[in-house]
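Right, one structure below, let's go through it.
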Amino acid sequence: MARKMGKLKFALIGIVIAGILTLVLFTKNGKIERLTFAEETNTEASLGSLDELKEGLSDYPELYRAAFEEDGIDPEDNIFIIPGMDATLTLHHEHEEADICTTMTPQGLAVNKDYLFISAYCQTKEHNSVIYVLEKKSGSFIKEIVLDGIPHAGGLAYDNNHELLWVTSEKGDTAQVITLSLKDIEAYDFADSAEPITYTDSIELPDIKRASTITVHGDDLYVAHFDEEETSVMHRYLISTTEDEDGKEVHALDTGKSTEEAYPDDVDKIGKEIQGLAFYREKLMLSRSAGRKKDSTLLSFDRLKETENFTDKNASTEITMPSYLEQIAVDGKQLYILFESGAYPYRTHGNPSIDRVLRVEIDSLFAE
């Protein structure tokens, strides 16, 4: 009897140990939320000092030079801490009450004259997606914008002509873009309302499988879809302003259809694994992430009017970047660069892992 009890005891210990290891593994991979006592979105760096970041980026000479060796520029002025990588105040998706998420993963990036916008989704899908709003000049965290539901929010684009923030989303199996007015963003206070922000508009895009990333260039919205095959595309939509029955301005994609769904004015081919796109003068830049512990790539294409094929064979320049490169955004002569490797589920996989947005001079980055 004693021998049986001993075997049972060891079996129970083994089960407990296996359970603990499984719990640790699932937590580390972002499958379940981590225990936290935080009550608000964290604003401090999650992954170490500027010196450690510089050391990690020393293997990427073009990026290092542009970020840290620009004449007359303090390197600290070119980095922006991504908030919320340890704790983000948002809504619990099922219970619809304020809660802290510990697995937010940054995806989209946009900038205007005053603000830097970063979108993120909950890796466990327990919490509503958010957009962090930072003060552009100082990088200080202002607030989080809580979105309705759990969209991947893989792309952001700011429309200066209409003062709108465009966000990629999905409605069932259909690609979608939503808009938030700058006025509503500035007035929104989640701590006061504990409710998601109200969308200005939502438009379905039936002709594209998924809205992976977006950018605004002139009067056009570009929406890209990537996959593992050679079928990745970039759609162009003309943005227009109309009026509803009450005479209120409505910003919609001008397709000759209703504002509920839109169809592209033009379709171009792009390469696989594209996470971001941005225009600079006559240059198109595409950011590519190849996944875990693999270098990313920043591609640039010249002579935009002469091709509809923006795949690797037509690239003018390829710059090797750290892994988990996400969206890029152009502001004047500067390029803002976002990585998702600062998120808890990925921070041990990056090479290096980066919890900052980097800002560089475009001409310096592509200097020969």
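The values are calculated or read from the model by the stated rules, or taken from the named source; none is laboratory data. A quick note: this is a predicted structure, and the numbers were derived from the prediction, not measured. Cβ placement follows ideal geometry from the backbone for every residue including glycine, while neighbour counts extend to all protein chains displayed. Note: areas computed on protein heavy atoms with side chains; ligands, DNA, RNA excluded. Shrake-Rupley method; radii C 1.70, N 1.55, O 1.52, S 1.80 Å.
When the stretch 108-129 is filtered for residues that are part of a strand (DSSP E or B) and either farther than 19 Å from residue 43 by Cβ or open to solvent by less than 10 Å² (accessible area, probe 1.4 Å) (or both), the ones remaining, listed by number, are 108, 109, 110, 116, 117, 118, 119, 120, 121, 122, 127. For the stretch 156-173, residues that are open to solvent by less than 10 Å² (accessible area, probe 1.4 Å) and farther than 10 Å from residue 211 by Cβ total 5. Of the numbered criteria (1) assigned to a loop (DSSP other than H, G, I, E, B); (2) modelled with pLDDT under 70; (3) surrounded by 11 or more Cβ atoms within 10 Å (Cβ to Cβ); (4) in contact with an Asp or Glu (Cβ under 8 Å, 6 or more places away or on another chain), the one residue 257 fails is (4). The residue that is nearest to residue 112 (Cα to Cα), counting only those in the stretch 332-353 that are more than 16 Å from the chain's Cα centre (by Cα) and open to solvent by 40 Å² or more (accessible area, probe 1.4 Å), is 332. A Cβ distance below 6 Å, combined with a sequence gap of six or more or placement on separate chains, defines the contacts here; from the stretch 31-56, residues that are over 16 Å from residue 357 (Cα atoms) reach residues that are outside any loop (DSSP other than H, G, I, E, B) in the pairs 32/26; 34/27; 36/100; 38/100; 40/89; 41/88; 41/89; 41/144.
Quick grid of which residues meet (1) closer than 21 Å to residue 175 by Cβ; (2) part of a loop (DSSP other than H, G, I, E, B); (3) of a type in the set (A, V, I, L, M); (4) touching a Phe, Trp or Tyr at 6+ places or on another chain (Cβ under 7 Å):
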residue	(1), (2), (3), (4)
263	yes, yes, no, no
275	yes, no, no, no
293	no, yes, no, no
320	no, no, no, yes
330	no, no, yes, yes
336	no, no, no, no
350	no, yes, no, yes
358	no, no, yes, no
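Can you confirm whether residue 11 is out of contact with any Pro (no Cβ under 9 Å at 6 or more places or on another chain), small (Gly, Ala, Ser), at pLDDT 85 or above and outside any loop (DSSP other than H, G, I, E, B)? It is false that residue 11 is out of contact with any Pro (no Cβ under 9 Å at 6 or more places or on another chain), small (Gly, Ala, Ser), at pLDDT 85 or above and outside any loop (DSSP other than H, G, I, E, B).
Taking the criterion of being touching an Asp or Glu at 6+ places or on another chain (Cβ under 9 Å), open to solvent by 30 Å² or more (accessible area, probe 1.4 Å), within 22 Å of residue 76 (Cα to Cα) and not hydrophobic (A, V, I, L, M, F, W, C), would at least one residue in the stretch 354-365 satisfy it? Yes: one or more hits.
A count restricted to the stretch 174-214 and to residues that are closer than 14 Å to residue 151 by Cβ and open to solvent by less than 70 Å² (accessible area, probe 1.4 Å) stands at 18.
Might you check whether a residue that is in contact (Cβ under 8 Å) with a residue 40 or more places away in the chain, of a type in the set (D, E, K, R) and part of a strand (DSSP E or B) occurs anywhere in the stretch 154-169? Yes, the conditions are met somewhere in the stretch 154-169.
The residues listed here are 278, 367, 290, 315; of these, the one that is modelled with pLDDT of 95 or more and among the small types (Gly, Ala, Ser) is 278.
Of the residues that make up the stretch 301-309, is at least one buried (at least 20 other Cβ atoms within 10 Å of the Cβ) and either touching a residue at least 40 places away in the same chain (Cβ under 8 Å) or among the hydroxyl-bearing types (Ser, Thr, Tyr) (or both)? No; the residues of the stretch 301-309 include none that is buried (at least 20 other Cβ atoms within 10 Å of the Cβ) and either touching a residue at least 40 places away in the same chain (Cβ under 8 Å) or among the hydroxyl-bearing types (Ser, Thr, Tyr) (or both). Please tell me if residue 151 is out of contact with any His (no Cβ under 8 Å at 6 or more places or on another chain), closer than 25 Å to residue 220 by Cβ and open to solvent by 30 Å² or more (accessible area, probe 1.4 Å). No, not satisfied. Total residues in the stretch 199-234 satisfying the condition of being assigned to a loop (DSSP other than H, G, I, E, B), under 20 Å from the mean Cα position of the chain (by Cα) and among the hydroxyl-bearing types (Ser, Thr, Tyr): the figure is 3.
Every test in (1) under 18 Å from the mean Cα position of the chain (by Cα); (2) part of a loop (DSSP other than H, G, I, E, B) is passed by residue 178 save one, and that test is (2). For the stretch 131-141, check the following and say yes or no: at least one residue is surrounded by fewer than 24 Cβ atoms within 10 Å (Cβ to Cβ), at negative phi and in contact with a Cys (Cβ under 7 Å, 6 or more places away or on another chain). There is no residue in the stretch 131-141 that is surrounded by fewer than 24 Cβ atoms within 10 Å (Cβ to Cβ), at negative phi and in contact with a Cys (Cβ under 7 Å, 6 or more places away or on another chain).
Within the stretch 312-328, the set of residues being touching a residue at least 40 places away in the same chain (Cβ under 8 Å) and either in contact with a Lys or Arg (Cβ under 6 Å, 6 or more places away or on another chain) or open to solvent by less than 10 Å² (accessible area, probe 1.4 Å) (or both) comprises 319, 321, 322, 325, 326, 327, 328.
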